[in-house]
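Asker: Sharing a structure here in structure tokens format.
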Amino acid sequence: DTLNNLSDTLTDLGLHDNMIVGGNDVSEKLNGLTKLQELYLEENLLDCMVDDRFLNKLMNLTVLDLSDNQLVGTVPKHLLNHPTLEVLDLHDNNLKSIVGTIDENPTLEFLALHSNDISGTIPTGIANLIKLRHLDLSTNKFRESIPNSIGTMTELTYLFLAENSFAASSIPRSWQNLENLKELSLKRTNLFNEIPDFLGSLTNLVLLDLDDNNLTGSIPQSLSSLPALRFLLLNRNKLSGEIPVAFANSTVFMFLVDNNTLTGDMSFMCDGDTRRDHVIADCGGN
């Protein structure tokens, strides 16, 4: 009743970490707060069914955070194509799928769906979220190929797809267009073939995590010249050959290449550019 009395004025509501329990009744009550712009209900015990009716009356939302709950169902089209929503955070729930059709959306900038039970295919229409800067789909159950269409999402700054059982594939060549990427995590995604040389053209990369895949061949020298790269995780692959000496003068702070079949001397990682006051270099198992 208290919330109903505020339905014409309430714009921001934060009730995170309050042990709130409820299902679809909670969604129905919140739908009455039609002026809401920011809604924070993370870290509760909500077990609503996420469907076409879920919070579908809140047409002024800019931020929706329902992470760390027990939501079930499908990530619905009306949230992915919401006219004003900029931040959608549904990570750490029990969601099973993403709606198959996604229309062009020039508004959404942040989408976090990691740590759910989402299976099947990442919809190619995900690329219609043309202003998306942060996309985290890691730790789900995706099993089809990584979509090439992600390569058209040129606003992406953070892309996390780690810990999914994708069909064995290479990093799509179309991703060479993701020039704004700062962090790329593809840990444990069933990658194979060689590390593509074009990653060396993504000059804003700070973190590149390709840990625990089936990558072969040598480490591209082009990675050593990335001007912002600080974290390079290539451990637990099938890489071979010598580590390029050019890494001695790179900006890399953490360099993990253990559990490969690399050869050569790693001492240059510690003897190089004095601008680096601390280097973590692990090449055990090579």
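Asker: Structure shown: which of K96/K131; K96/K238; K57/K96 lie over 29 Å apart, alpha-carbon to alpha-carbon?
Answerer: Correct reply: K96/K238.
Asker: Another question, then. At most 13 other Cβ atoms within 10 Å and a DSSP loop assignment: could you name the GluC sites (Glu not before Pro) in region 162-206 that fit?
Answerer: Counting only loop positions with at most 13 other Cβ atoms within 10 Å, the GluC sites (Glu not before Pro) in region 162-206 are E179.
Asker: Could you pull out every residue, at least 5 positions away or on a different chain, whose amide H is within less than 5 Å of the one on F142? Hs are placed 1.01 Å off N in the peptide plane, and Pro or chain starts have none.
Answerer: Hits under the 5 Å cutoff: S165.
Asker: Okay, moving on. Quick one: which residues, 5+ away or cross-chain, put their amide H under 5 Å from the amide H of L215? H built at 1.01 Å from N.
Answerer: Distant-sequence amide H within range of L215: K238.
Asker: Given points 7 Å out from each Cα along the Cα-Cβ axis, report the Q37 to S7 separation in nanometres with one decimal.
Answerer: 2.2 nm
Asker: Can you work out ³J(HN,Hα) from phi for every residue in region 215-232, in order, using Karplus 6.51 cos²θ - 1.76 cosθ + 1.60 and θ = phi - 60°, giving whole Hz and x for Gly and Pro?
Answerer: Karplus values, whole Hz, x for Gly and Pro: 5, 10, x, 9, 7, x, 5, 4, 5, 5, 9, 5, x, 10, 5, 10, 10, 10.
Asker: Follow-up question, since we're still on this one. Would you work out the charge dipole size for region 12-101 about its Cα centre, treating the Cβ of every Lys and Arg as +1 and the Cβ of every Asp and Glu as -1, and quote it to the nearest 20 debye?
Answerer: Dipole size: approximately 460 debye.
Asker: Answer with one residue from P76, S145, N259: the one whose Cα lies farthest towards the positive end of the charge dipole of the chain, charges on Cβ with Lys, Arg +1 and Asp, Glu -1.
Answerer: So the residue we want is S145.
Asker: Could I ask something else about it? Quick one: grab the alpha carbon gyration tensor of region 61-171, order the square roots of its eigenvalues as a ≥ b ≥ c, and give me rounded if a/c is under 1.5, else prolate or oblate depending on whether a/b is larger than b/c.
Answerer: Cα axes put region 61-171 in the oblate bin.
Asker: Can you work out the Karplus-derived ³J(HN,Hα) for every residue in region 183-198? Use 6.51 cos²θ - 1.76 cosθ + 1.60 with θ = phi - 60°, whole Hz, and x for glycine or proline.
Answerer: Ordered by residue, 3J(HN,Hα) equals 9, 10, 10, 10, 4, 6, 10, 6, 6, 9, 6, 8, 5, x, 5, 5 Hz.
Asker: Using a cut-off of under 19 Å, list every residue of region 92-130 whose amide N is near the label point 7 Å from the Cα of K77 along the Cα-to-beta-carbon line.
Answerer: 96-108, 121-130
Asker: (i) 1.04; (ii) 1.15; (iii) 1.25: which one is Cα Rg over 2.2 N^0.38 Å as calculated from this entry?
Answerer: Checked against the structure: label (ii).
Asker: Before rounding to the nearest 500, sum -39500 (n - 2.57) across all DSSP H runs of length at least 4 in the chain and divide by the residue total; then give [θ] at 222 nm in deg cm²/dmol.
Answerer: Calculated from helices alone, the mean residue ellipticity at 222 nm is -1000 deg cm²/dmol.
Asker: Pop the C-beta distance of S170 and D265 into the FRET formula with R0 = 45 Å and round what comes out to the nearest 0.05.
Answerer: Plugging the Cβ-Cβ distance into 1/(1 + (r/R0)^6) gives 0.90.
Asker: Another question, if that's okay. Taking amide H atoms as placed 1.01 Å from N in the peptide plane, list the residues 5 or more away in sequence, or in a different chain, whose amide H sits under 5 Å from that of I20.
Answerer: For I20, whose amide H was placed from the backbone, the distant partners under 5 Å are L45.
Asker: So what are the ³J(HN,Hα) numbers for region 133-146, from phi and the Karplus equation (6.51, -1.76, 1.60; θ = phi - 60°), rounded to whole Hz, Gly and Pro as x?
Answerer: Once θ is set to phi - 60°, the couplings for region 133-146 become 10, 10, 10, 10, 10, 5, 6, 10, 10, 5, 10, 8, 6, 5 Hz.
Computed from the coordinates by the stated procedures, all read-outs in this text should not be read as laboratory data. Every value quoted in this text rests on a predicted model; they were computed, and no experiment measured them. Cβ coordinates were reconstructed from backbone atoms using ideal geometry, including for glycine residues, and neighbour counts include every protein chain displayed.
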